[in-house]
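Asker: The structure's right below; bear with me while I get my questions together.
The values are calculated or read from the model by the stated rules, or taken from the named source; none is laboratory data. Here the structure is a predicted model, which is why all the values come from computation and not from measurement. In this analysis, Cβ positions are derived from the backbone assuming ideal geometry, glycine residues included, and neighbour counts consider all displayed protein chains. For accessibility, only protein heavy atoms count, side chains too; no ligands or nucleic acids. Shrake-Rupley method; radii C 1.70, N 1.55, O 1.52, S 1.80 Å.
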Amino acid sequence: MSVRALWIISHEKGENVSIRFTRRFATVEHRAKILAGSSYRSVPEDNTVLQLLLTELGLSDSDKSYVALRDDCLHRQRLPALELRVDGPGKGFLWPVLVISHGPLTLACLPLVDVPAEPRPPLASLLSVSQGFTLLAGLQTFLLGSGGKPDSEGLASRLAMLPSVLLQVCPLGTPLDVPLLGAPATPTVPTPAGNQKQPAWKTGLHRGRAVVNVALIETVRSMQYGNRSRQDLWDVYGTVTCKCEVEGVLPNVTVTLTLPPNGSPLQDILVHPCVTSLDSSILTASSVDNCDGSAFSGPYKFPFSPPLEPFRLCSYTSQVPVPPILGSYQLREEENQLRVSVTLKLHESVKNSFEYCEAHLPFFNRVQMGVVDVKVSAGQLDVSKEKNLLVWGLGQKFPKCREVTMEGKISFSGPTPGPTDPLCTELTSYIKLYFKVPDMTLSGCCVDQHSVQVYSSAKPRIVTSRELQSKEYFIWNSTGTAPVASGQMML
């Protein structure tokens with residue numbers, strides 16, 4: 001595996017976003033040009049790459065509510081392997097640009113892909129993608145340390161050391177601790193930890209009580225319209241992260257994901273390169289293809305030799321029959337007032353125990369709020385007249401009936417204009433839900449504490465957890481227009 005280019009971007013609060021370090025490898029770029037032939041796309045200047053990355057990650061033009069390249073409904077962001085559209089001479093696409101972010105830094109690299117770009121190969125089949133993430137994760141640990149929040153002087157000194165570090169661990173763009181593409185047939189994953197050469201950027205080994213921590217987080221998104229002419233959309237994206245803290249040589253570990261008997265098979269599964277073996281049928285289920293019911297439905301076993309730092313073991317998507325919270329939102333104009341009517345219903349399959357649950361109702365392109373005469377059947381309503389925002393705090397539980405309502409009128413008679421949004425004009429308005437449900441997943445997927453196998457004499461303590469959280473969960477006003485995505489929502 002080789003890398004065409006590497007970028008390290010700093011975006012600390014109060015400072016301008018900038019590239020703190022960049023490195024291009026001319027010999028790798030020459031190989032990329034030969035392999036790609038007529039479809040070759042050169043890597044643009046650093047400033048161009050920076051703007052493309054910031055736009056794709058949603059970090060640019062924060063003062064603009066809508067940027068077509070970033071916010072268009074047809075745009076599908078596929079983190080952490082991005083596709084950057086390059087305009088001008090030699091225009092085309094850079095793919096796959098691998099990105100990981102933590103704290104004040106974003107690290108990105110463009111690995112060399114040695115297979116034809118069209119038709120585009122699956123990410124899971126590309127060794128360069130897996131090893132590129134390993135390189136970025138190692139550099140991230142080197143720069144930020146185990147705590148993840150170094151002081152500015154410490155970060156500056158490590159950035160100054162980076163050129164010499166790369167000369168040792170990644171000469172001519174080829175990392176030394178991963179198998180070369182032209183090497184004899186070997187597994188396409190790192191060797192077991194007992195024989196693994198520790199890269200120069202890795203920190204020291206763990207000292208203390210042995211612990212293996214496995215966390216499963218599912219994120220649900222939804223676009224609900226309350227209108228038969230528009231199809232409601234929702235999707236579920238899950239990640240399993242692991243952290244193994246064992247003194248001495250890290251042991252081999254097996255984590256098993258299980259589904260309930262009636263659960264839908266997991267799809268679009270991607271695994272970390274440290275996974276040593278995997279049933280090929282696990283990787284075949286895709287959300288793009290129509291599921292015929294014969295897909296592998298578990299249990300999903302992931303044997304691996306863990307790296308020293310916390311890492312994402314795997315990610316997946318899941319098709320669920322209904323969203324966790326169904327909503328209805330109606331907004332009508334009546335004599336210089338808005339009549340608001342909201343109903344939220346918690347689905348019976350969802351655990352009625354939240355860490356938090358809030359509904360935000362923003363009102364754009366109007367003068368400031370005046371009189372707010374709104375009643376809620378449960379929870380607490382906070383009014384921010386300066387922001388033209390209602391925040392409905394539902395607390396930790398829905399009522400026993402699992403349904404809450406909001407009714408009332410709002411007048412807008414303030415002396416100054418409120419927030420603006422080019423999309424939300426007239427009656428185009430939405431509710432955005434924020435919630436987290438501990439000890440639950442929407443797909444029913446879980447990691448049984450007793451199914452985690454650790455092949456070590458240390459007998460580490462096993463800690464497992466799971467949770468469901470919302471992201472981009474919208475309920476649109478059914479009496480107004482609303483943006484409609486043509487196709488499946490993508491995380």
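Asker: Could you please tell me which pairs satisfy a Cβ distance under 7 Å, a separation of 6+ or placement on different chains, a first residue in the range 326-340 that is more than 16 Å from residue 362 (Cα to Cα), and a second residue that is open to solvent by 50 Å² or more (accessible area, probe 1.4 Å) and in a strand (DSSP E or B)?
Answerer: Taking only residues 6 or more apart or on different chains, the pairs are 326/345.
Asker: In addition: Could you check how many residues of the range 403-418 are of a type in the set (Gly, Ala, Ser) and either at pLDDT 90 or above or part of a loop (DSSP other than H, G, I, E, B) (or both)? Can you show your working first?
Answerer: Narrowing the range 403-418 to residues of a type in the set (Gly, Ala, Ser): 408, 411, 413-414, 418.
Restricting the remaining residues to those that are either at pLDDT 90 or above or part of a loop (DSSP other than H, G, I, E, B) (or both) gives 408, 411, 418.
Matching residues across the range 403-418 total 3.
Asker: I would also like to ask the following. Checking residue 326 against (1) farther than 21 Å from residue 230 by Cα; (2) open to solvent by 30 Å² or more (accessible area, probe 1.4 Å): exactly one of these is not met. Which one?
Answerer: (1) is the only condition that residue 326 fails.
Asker: Quick check on the range 97-107: of everything there that is touching a helix residue (DSSP H, G or I) at 6+ places or on another chain (Cβ under 6 Å) and open to solvent by less than 10 Å² (accessible area, probe 1.4 Å), which residue is farthest from residue 155 (Cα to Cα)?
Answerer: Within the range 97-107, the match that is farthest from residue 155 (Cα to Cα) is 98.
Asker: Scan the range 393-413 and report the pairs whose first residue is without any contact (Cβ under 8 Å) to a residue 40 or more places away in the chain and whose second residue is assigned to a strand (DSSP E or B) and exposed (fewer than 15 other Cβ atoms within 10 Å of the Cβ), with Cβ atoms within less than 6 Å and a gap of 6+ or a chain change.
Answerer: What qualifies is 393/380.
Asker: While we're here: Please list, ordered by first then second residue, the pairs with beta carbon atoms under 8 Å, 6 or more apart or interchain, first in the range 11-28 and more than 17 Å from residue 107 (Cα to Cα), second open to solvent by less than 50 Å² (accessible area, probe 1.4 Å) and modelled with pLDDT of 90 or more.
Answerer: These pairs meet every condition: 28/3; 28/4; 28/112.
Asker: Specify which of the listed residues (342, 404, 320) is under 30 Å from residue 277 (Cβ atoms) and crowded, with 19+ Cβ neighbours inside 10 Å.
Answerer: The conditions single out 320.
Asker: Continuing with this model, one more query. Suppose we keep only residues that are touching a residue at least 12 places away in the same chain (Cβ under 8 Å) and not in a strand (DSSP E or B) within the range 243-261. Which one would you say is farthest from residue 445 (Cα to Cα)?
Answerer: 248
Asker: Can you pull out the residues in the range 362-387 that are in contact (Cβ under 8 Å) with a residue 24 or more places away in the chain and of a type in the set (A, V, I, L, M, F, W, C)?
Answerer: Listed by number, the residues that qualify are 363, 364, 367, 369, 371, 372, 374, 376, 378, 381.
Asker: Now, a different point. Within the range 419-453, restricting attention to residues that are surrounded by 20 or more Cβ atoms within 10 Å (Cβ to Cβ) and over 25 Å from the mean Cα position of the chain (by Cα), which residue is modelled with the highest pLDDT?
Answerer: Across the range 419-453, the extreme among qualifying residues is 429.
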